[in-house]
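Q: Below: one structure in structure tokens.
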Protein chains: 2
Amino acid sequence: MNPPRKEKEWLSFIDKNFSSYGALVGNGDDGAVLKKASWCITTDLLMEGVDFEKGWAPAEAVGWKSLAVNLSDLAAMGSKPLFFLVSLAIPSRYKDIEIENLLLGIKALAAKEKVSLLGGDLSRSPDKLVISITALGSQGEKPLLRGKARVGDSIYVSSHLGAPKEALKMFKKGTRLKVFPLKNGPAKENALADRFFRPPSQSKLGQILAEKRIASSAIDISDGLLLDLSRLLAKCRLGAVLQGEAIPRAKNAEGAFVSVEDAVTSGEEQTLLITVPKSKERLLENIKAKLFKIGFVSPKSGIWMERKGKISKLEAAGFDHFE
Amino acid sequence: MNPPRKEKEWLSFIDKNFSSYGALVGNGDDGAVLKKASWCITTDLLMEGVDFEKGWAPAEAVGWKSLAVNLSDLAAMGSKPLFFLVSLAIPSRYKDIEIENLLLGIKALAAKEKVSLLGGDLSRSPDKLVISITALGSQGEKPLLRGKARVGDSIYVSSHLGAPKEALKMFKKGTRLKVFPLKNGPAKENALADRFFRPPSQSKLGQILAEKRIASSAIDISDGLLLDLSRLLAKCRLGAVLQGEAIPRAKNAEGAFVSVEDAVTSGEEQTLLITVPKSKERLLENIKAKLFKIGFVSPKSGIWMERKGKISKLEAAGFDHFE
């Protein structure tokens, strides 16, 4: 058995597995140097014990997700992902093979999305695993922003909602994702758990929505539709009316649709929530991605839901890290 | 007494205290958007229980240091710092005022160095405080790189060495930095502890060394002179001969010079280690910063030290996070 890897050995493992293609100076110096371009930059941190538990899934799944949540933010800006940096704080109870698999999970998504590593930081952690990633993408002239919706715009989401919340319930009950095949796509054994760690890529959709100027505003659903919709509309001080029946609901492990309540408060969806002006809606027909119209932007602030003929105001509930 | 702040309240506190001056789209969206330029990017993570303990100093000091270690990396590339992103994972045992002070510590250094916030991520932590910062700087045509030293180049460091190691010893014995004045500079009460959290800015020095093409290579000393010198020289497969008597040594709390051994293995110095071709050394005379010549680059690999007439090979010892 080999002795546990030292920092230097981890660095050379990372060097072998990741390239900084496209950068003037890549990984391995004090910083990376990028060529001239317009850049979008975002950062997201995954913390063991908060965002995931060690036993829920193979380390590859955690690695994949740690990059996916960042790429989702770039997609919500309409930016094309190109680079990332990764910092790891590693507890000694993790085996080298687990950290290696975590890095290989990151690498698998990086290869799929053609993003390359620019640098990072390795540190010990006293107790919990931390993965902090910063991602950069090239940015066209018109980024997809929050706060640019107008009254009457239609509201769309880019996937069924509720699967990640359902997966979380299952993890808490003891369900484990045992297989996470990097090459052959989602494990059939447990599609919900796989969906939690491997959200569908929104990159192409985000780029098309920005390039063709279809969406007036966009955000990725990370803390639940209601909370993220209220964030999307907060800057323009508008509200929304949602059609309860139109909310696309995921199915739970038994094959039944999740409740509307669970669908609109399910976080970590990492799919897009966008507003589209009426005049642009016909352009959606040429887009391959599935988009579900769920309501429209209203002049009255707050989020309202029409359901079975009744309309009622909803609390912008969702995941607040500090509640 | 106010109830503890929620995530939304933290975000608005951050919005009030930090601006994204100079970015096309700043903090507050899924990502930030930067104008065209050449960029240098780096990231560094501080972990409670590894890089610092809660009781060692006021939270402002930890905040200051978390940004300083990143700016030090930019300086070692000769890059002008402009932007940063900050992710915090916060345990519930931290009081709001402590996190506020931590952010104000970051803000104080950001204001001093004129760098502005582009974004970040807020998360709960089960146990330890984590601060992960990514910093960006504009980059001229000739970044300061590792691996570009040539045989015969002189080796310089930009400060006395050993104070951070001395401070760590003191912290472990129970010394606490009680005052960390953001406005009036270092606390006189405990200069060593202050030096640990507030390394001197190397930004201007790094930029001059790059712009005037004085240094052939550069690195910031974060894990000890010996280890970082071996990293600096590793890519060009050269060695170094150091003059033991020329190593500039900091003083300990009793006013005595630290040992050469401590000076060359002291990490977290966040000062520059550079190589300068003989033909460029006269250009150093016009630089205000103090630079200490400690040896020269040799064709024989390994680090050697001449001391009291004897020359001996040194182990490239220093701080490895995983040893």
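The values are calculated or read from the model by the stated rules, or taken from the named source; none is laboratory data. Everything numeric in this text was worked out from a predicted model, so none of it was measured. Because the Cβ atoms are built from the backbone with ideal geometry, glycine has one as well, and the counts that use them run over all protein chains shown.
Q: Against the condition surrounded by fewer than 24 Cβ atoms within 10 Å (Cβ to Cβ), facing chain A (nearest Cβ under 8 Å) and over 29 Å from A:S79 (Cα atoms), how does B:G49 come out, does it pass?
A: When the stated conditions are applied, B:G49 passes them.
Q: Also: Can you tell me which condition B:T175 does not meet? The list is (1) out of contact with any strand residue (DSSP E or B) (no Cβ under 6 Å at 6 or more places or on another chain); (2) within 24 Å of B:F83 (Cα to Cα), and all the others hold.
A: So B:T175 meets the others, but not (2).
Q: Determine which single condition A:E281 fails, assuming it passes every other condition in (1) buried (at least 19 other Cβ atoms within 10 Å of the Cβ); (2) modelled with pLDDT of 95 or more.
A: Unmet for A:E281, out of (1) buried (at least 19 other Cβ atoms within 10 Å of the Cβ); (2) modelled with pLDDT of 95 or more: (1).
Q: Something else: Limited to the range B:137-161, what total is found for residues that are in a strand (DSSP E or B) and within 14 Å of chain A (Cβ to nearest Cβ)?
A: Residues flagged as in a strand (DSSP E or B) and within 14 Å of chain A (Cβ to nearest Cβ) within the range B:137-161 amount to 2.
Q: Which one of the conditions (1) touching a residue at least 12 places away in the same chain (Cβ under 8 Å); (2) acidic (D, E); (3) under 30 Å from A:S125 (Cα atoms) does B:E281 fail to meet, given that it meets all the rest?
A: Against the list (1) touching a residue at least 12 places away in the same chain (Cβ under 8 Å); (2) acidic (D, E); (3) under 30 Å from A:S125 (Cα atoms), B:E281 comes up short only on (3).
Q: Counting only residues that are part of a loop (DSSP other than H, G, I, E, B) and among the small types (G, A, S), how many does the range A:172-212 have?
A: Number satisfying all stated conditions: 4.
Q: Could you grab me the full set of residues in the range B:154-186 that are surrounded by fewer than 19 Cβ atoms within 10 Å (Cβ to Cβ) and small (G, A, S)?
A: Matches in the range B:154-186: B:G174, B:G185.
Q: Let me ask something additional. Please work out if B:N101 is outside any loop (DSSP other than H, G, I, E, B), under 28 Å from B:I208 (Cβ atoms) and polar (S, T, N, Q).
A: Answer is no for this residue.
Q: Would you pick out the residues in the range A:21-37 that are touching a strand residue (DSSP E or B) at 6+ places or on another chain (Cβ under 6 Å), assigned to a strand (DSSP E or B) and either at pLDDT 95 or above or more than 17 Å from B:D73 (Cα to Cα) (or both)?
A: Result: A:K36, A:A37.
Q: Another question about this same structure. Out of A:R93, A:R124, report the one residue that is surrounded by fewer than 17 Cβ atoms within 10 Å (Cβ to Cβ) and either closer than 22 Å to B:P126 by Cβ or among the aromatic types (F, W, Y) (or both).
A: One residue alone meets the criteria, A:R93.
Q: Consider B:S259 carefully, then state whether it is farther than 15 Å from B:Q270 by Cα, out of contact with any helix residue (DSSP H, G or I) (no Cβ under 9 Å at 6 or more places or on another chain) and at pLDDT 95 or above.
A: When the stated conditions are applied, B:S259 passes them.
Q: Test A:S259 against the criterion of being surrounded by fewer than 15 Cβ atoms within 10 Å (Cβ to Cβ) and either in contact with a strand residue (DSSP E or B) (Cβ under 8 Å, 6 or more places away or on another chain) or of a type in the set (V, I, T) (or both), and give yes or no.
A: yes
Q: Which residue out of B:A246, B:A215 is at pLDDT 95 or above and buried (at least 19 other Cβ atoms within 10 Å of the Cβ)?
A: None of the other options fit; the residue is B:A215.
Q: Taking the residues in the range A:112-137 that are modelled with pLDDT of 90 or more and small (G, A, S) as candidates, determine which candidate is farthest from A:F292 (Cα to Cα).
A: A:S125
Q: Of all residues in the range A:173-215, which are within 14 Å of chain B (Cβ to nearest Cβ) and more than 20 Å from A:A68 (Cα to Cα)?
A: A:A215
Q: Among the residues of the range A:222-246, write down those that are within 20 Å of the chain's Cα centre (by Cα), of a type outside the set (G, A, S) and in a helix (DSSP H, G or I).
A: Those that are within 20 Å of the chain's Cα centre (by Cα), of a type outside the set (G, A, S) and in a helix (DSSP H, G or I): A:L225, A:L226, A:L227, A:D228, A:L229, A:R231, A:L232, A:L233.
Q: Ok, one more. Quick check on the range A:5-17. Is at least one of its residues within 12 Å of chain B (Cβ to nearest Cβ), in a loop (DSSP other than H, G, I, E, B), surrounded by fewer than 24 Cβ atoms within 10 Å (Cβ to Cβ) and at pLDDT below 95?
A: Yes, the range A:5-17 contains at least one residue that is within 12 Å of chain B (Cβ to nearest Cβ), in a loop (DSSP other than H, G, I, E, B), surrounded by fewer than 24 Cβ atoms within 10 Å (Cβ to Cβ) and at pLDDT below 95.
Q: Show the residue pairs that are 6+ apart or on different chains and have beta-carbon atoms under 7 Å apart, the first residue being within the range B:293-310 and part of a loop (DSSP other than H, G, I, E, B), the second being exposed (fewer than 15 other Cβ atoms within 10 Å of the Cβ).
A: Close Cβ pairs (under 7 Å, with a partner that is exposed (fewer than 15 other Cβ atoms within 10 Å of the Cβ)) amount to B:P299/B:V151; B:S301/B:R237.
Q: Output the number of residues of the range A:87-111 satisfying the condition of being modelled with pLDDT under 90 and facing chain B (nearest Cβ under 10 Å).
A: 1
Q: Here's a follow-up. Please tell me if B:E254 is more than 21 Å from B:P299 (Cβ to Cβ), of a type in the set (D, E), modelled with pLDDT of 95 or more and not in a strand (DSSP E or B).
A: In short, no.
Q: I would also like to ask the following. Provide a single number: the residues in the range B:270-285 that are farther than 18 Å from B:G162 by Cα and among the aliphatic types (A, V, I, L, M).
A: Of the residues in that region, 3 qualify.
Q: Now a separate question. Sort out which residues of the range B:74-84 are surrounded by fewer than 24 Cβ atoms within 10 Å (Cβ to Cβ) and either within 15 Å of the chain's Cα centre (by Cα) or facing chain A (nearest Cβ under 8 Å) (or both), and write them in order of number.
A: Of everything in the range B:74-84, just one residue is surrounded by fewer than 24 Cβ atoms within 10 Å (Cβ to Cβ) and either within 15 Å of the chain's Cα centre (by Cα) or facing chain A (nearest Cβ under 8 Å) (or both), namely B:K80.
Q: Could you figure out which of (1) away from chain B (no Cβ under 13 Å); (2) free of Cβ contacts under 8 Å to residues at least 40 places away in the same chain isn't true of A:D121?
A: Going through (1) away from chain B (no Cβ under 13 Å); (2) free of Cβ contacts under 8 Å to residues at least 40 places away in the same chain one by one, A:D121 breaks only (1).
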